[in-house]
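Here the structure comes first, spelled out in structure tokens, and everything after it is commentary.
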Amino acid sequence: MAKYVIVGASAAGIGAVEAIRDVDPVGSITIISDEPCPQYSRPMISDFVSGKADFTKMKCRDDEFWKQTNAEAILGKKATALNLAEKAVSLESGEKVPYEKLLLATGGKPFVPKMDGQDKDGVFTFTTIKDAVQIAEKIDAISAKSAVVVGAGLIGISVTEALVKRGLKVTVVELQDKILSLLLDAKASEIVEDVVKKAGVDIVTGQSVQKIVGKDGNEGAVGGVILTKGGQVPCDLVIVAIGVIPRTELVAGTQIKTNRGIVVDSNMQTNVPDVYASGDVAEAYDFILSQNRLLPLWPLAMIEGQVAGYNMAGYKTTYAGGTNMSSLKYFGIPVVSIGLANPKEDATLEVLTKHDAERKVYKKLVLRSNVIVGMTLVNSIERAGVLFYLMKNKVNVKKFKQKLLEDDFGLACLPLSLQRKMCVVQ
Amino acid sequence: MKRIIAKQEACMGCGLCEVYCTVAHSKSKDIIKAYNSERPKPISRVTVERNKPVSFAIQCRHCQDAPCVTACLSGAMTKDEKTGQVTHNKEKCIGCWTCIMVCPYGAIKMDKEGKVVAKCDLCQGLEEPACVANCPNQALVFKEVKP
Ligand SMILES: Cc1cc2nc3c(=O)[nH]c(=O)nc-3n(C[C@H](O)[C@H](O)[C@H](O)COP(=O)(O)OP(=O)(O)OC[C@H]3O[C@@H](n4cnc5c(N)ncnc54)[C@H](O)[C@@H]3O)c2cc1C
């Protein structure tokens with residue numbers, strides 16, 4: 001019997017293996033993934049499509065990783081059922097893998113709303129290397145010239161950039177009134193939108209796609225889309241990038257509690273003892289909102305996996321929490337957005353902003369009782385980490401508030417006591 | 001491991017550490033070429049933090065539990081368990097800036113031309129990091145400290 005069984009071998013699974021091995025060098029680990037080579041960087045699938053990275057470069061851990069960590073990796077096989085009473089995971093091949101401690105790190109799957117014509121040849125989602133390979137092959141096979149990307153979130157913008165680099169004319173269709181609406185306020189979104197448009201991308205907001213139509217003379221292949229307000233956009237490809245939803249099918253019908261994702265405590269344990277969940281599939285703690293929720297982000301999946309791994313191996317650790325935190329590189333305009341970056345009107349919040357239109361620099365901090373609870377930085381992000389430290393440690397910034405958005409803000413602006421605590425001076 | 005420690009009271013904020021760091025990380029190792037003609041432009045991995053009258057130099061702390069290593073999307077940032085050093089592999093870096101978002105010290109720099117990040121590597125191969133060796137006031141010391 002394997003002591004530790006992990007389903008899913010991406011960020012959360014890798015984090016767990018590393019943490020377990022940090023404290024338990026010998027306990028047997030079995031890790032299962034339905035992807036044949038799962039240890040790649042999912043955010044890099046856009047670099048694969050653009051041709052910037054091949055699959056070797058995309059591996060965030062090399063092929064020796066499973067051997068080096070002495071983990072038995074069952075790859076290319078799907079886990080199909082959990083038997084909690086028996087403490088075993090069933091695989092599609094019929095095998096049963098018994099466990100003492102189980103981690104569900106099954107991540108997310110693309111959310112695809114019902115659209116007429118969505119089964120036409122040339123419609124893709126964008127979350128796996130397989131998607132990326134298929135898109136790249138399709139572009140070559142049909143000499144694709146244009147694409148419609150449905151959804152202007154992080155994933156939508158990343159695939160848009162990749163397609164532009166491949167020379168396609170891209171139209172992004174977004175239901176909200178602006179791009180990157182979960183991350184950015186109106187001003188920041190407008191600055192980024194401007195840059196994206198200058199790269200030749202058409203952006204349609206406040207609408208979605210109601211129907212995907214076929215090509216003249218080849219009804220089975222994508223020829224264009226009809227928007228909800230009736231407009232038509234001809235295209236060779238449609239990429240649906242609306243978002244990801246937790247891949248919870250394994251726990252359906254079991255006692256394991258789910259909300260939108262799997263519910264976990266601060267040790268990343270589910271309501272069923274010895275069963276843990278981490279990453280995109282789990283609802284983990286948001287230290288800004290003070291509640292558990294879905295936060296499908298790579299660094300958080302990695303940390304949550306580590307916390308689960310330590311606890312599974314008997315080394316008690318609690319998860320300090322994450323928050324909505326993204327850094328974007330797309331279209332050459334760096335952006336960082338963390339926490340309550342775009343809050344609704346709220347008298348208890350104080351908002352500081354600075355905008356330099358010429359340099360395309362925009363900075364915004366959201367404070368509550370002199371503690372940073374949100375930030376957006378556009379085109380000036382080098383001090384993001386210092387601000388994030390203040391946010392995470394709930395440092396009262398009253399005494400140096402006016403410095404925070406200055407170009408020369410840095411560690412020297414912090415109180416000596418804090419500099420000492422951070423060990424930057426003696 | 002040996003780390004670079006800043007002595008705030010000795011720092012004059014002259015910025016020579018940045019100059020020598022830039023040169024040490026240039027291809028030519030020549031100050032004129034490094035600053036005038038080399039492409040991609042070499043950049044300093046040490047920053048003099050100034051808030052008059054305070055100044056001190058800061059570079060990667062090679063943290064024990066390095067947030068940049070955990071956050072790195074591509075596997076470019078790793079912790080060398082033997083030396084304790086946090087190392088950055090430029091070839092694997094995709095310039096996603098995630099490490100910059102989580103570094104409490106603001107010690108990771110953007111190499112905008114190269115579209116990657118750059119940070120202190122303790123000047124591998126030199127006896128002493130260039131910033132330490134060339135500080136005119138000995139405001140930077142390289143010594144063994146507990147992690
Ligand atoms: C295009 C794109 C860009 C992104 N960009 C960023 C970014 O810039 N920054 C950021 O922070 N995040 C980004 N993300 C999100 C990030 O990739 C995810 O948060 C992260 O991959 C989550 O890791 P995970 O381990 O929880 O799950 P996943 O990476 O989804 O991995 C889960 C694994 O489990 C396998 N699996 C699931 N169910 C089973 C089963 N029943 N049996 C066997 N195997 C199973 C899956 O096949 C998969 O390999 C991006 C995502 C995409 C798609």
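A few remarks follow.
- Conditions (1) more than 30 Å from A:THR69 (Cβ to Cβ); (2) in contact with a Ser or Thr (Cβ under 6 Å, 6 or more places away or on another chain); (3) at pLDDT 95 or above: number failed by B:PRO42: (3)
- For the range A:361-387, a residue qualifies if it is assigned to a loop (DSSP other than H, G, I, E, B), within 12 Å of chain B (Cβ to nearest Cβ) and not acidic (Asp, Glu), and the qualifying residues are A:ASN379, A:SER380, A:ILE381, A:ARG383.
- If only residues of the range A:155-172 that are among the polar types (S, T, N, Q) and within 12 Å of the ligand (Cβ to nearest atom) are counted, the one that is nearest to the chain's Cα centre (by Cα) is A:SER158.
- Residue tally, condition within 9 Å of another protein chain (Cβ to nearest Cβ), closer than 30 Å to A:TYR330 by Cα and surrounded by 23 or more Cβ atoms within 10 Å (Cβ to Cβ), over the range A:388-426: 2
- Answer residue from the range A:302-329, given it is part of a helix (DSSP H, G or I) and away from chain B (no Cβ under 13 Å) and is surrounded by the most Cβ atoms within 10 Å (Cβ to Cβ) among those: A:ALA308
- If the condition is being surrounded by fewer than 17 Cβ atoms within 10 Å (Cβ to Cβ) and without any contact (Cβ under 8 Å) to a residue 60 or more places away in the chain, then the range A:91-120 contributes A:GLU92, A:SER93, A:GLY94, A:GLU95, A:LYS96, A:LYS114, A:ASP119.
- Selected residue (only one of A:VAL17, A:VAL49 is among the β-branched types (Val, Ile, Thr), within 13 Å of the ligand (Cβ to nearest atom), closer than 16 Å to A:GLN134 by Cα and in a helix (DSSP H, G or I)): A:VAL49
- Residue satisfying all of: in the range A:359-379; within 22 Å of A:LEU180 (Cα to Cα) and either modelled with pLDDT under 95 or surrounded by fewer than 19 Cβ atoms within 10 Å (Cβ to Cβ) (or both); farthest from the chain's Cα centre (by Cα) among these: A:ARG359
- Of residues in the range A:330-346 being modelled with pLDDT of 95 or more and assigned to a loop (DSSP other than H, G, I, E, B), the one nearest to the ligand (Cβ to nearest atom): A:PRO334
Each row is one residue, and each column tells you yes or no for (1) within 15 Å of B:ASP111 (Cα to Cα); (2) buried (at least 24 other Cβ atoms within 10 Å of the Cβ); (3) within 16 Å of the ligand (Cβ to nearest atom).
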{"residue": "B:GLU38", "(1), (2), (3)": "yes, no, no"}
{"residue": "B:ARG45", "(1), (2), (3)": "yes, yes, no"}
{"residue": "B:VAL48", "(1), (2), (3)": "no, no, no"}
{"residue": "B:VAL54", "(1), (2), (3)": "no, no, no"}
{"residue": "B:ARG61", "(1), (2), (3)": "no, no, no"}
{"residue": "B:GLN64", "(1), (2), (3)": "no, no, no"}
{"residue": "B:THR70", "(1), (2), (3)": "no, no, yes"}
{"residue": "B:GLY84", "(1), (2), (3)": "no, no, no"}
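- Residue within the range A:286-294 that is crowded, with 16+ Cβ neighbours inside 10 Å and hydroxyl-bearing (Ser, Thr, Tyr) present: no
- Test for B:SER26: is it touching an Asp or Glu at 6+ places or on another chain (Cβ under 7 Å), farther than 20 Å from A:ARG420 by Cβ and surrounded by 14 or more Cβ atoms within 10 Å (Cβ to Cβ): yes
- Residue among A:SER28, A:SER33 that alone is within 8 Å of the ligand (Cβ to nearest atom), in the same structural domain as A:SER278 (by TED's automatic domain parsing), polar (S, T, N, Q) and more than 14 Å from A:ASN311 (Cα to Cα): A:SER33
The values are calculated or read from the model by the stated rules, or taken from the named source; none is laboratory data. This one's a predicted model, so the numbers in the text were calculated from it and none came from an experiment. Quick reminder, even Gly has a Cβ in these numbers, built from the backbone with ideal geometry, and neighbours come from all protein chains shown.
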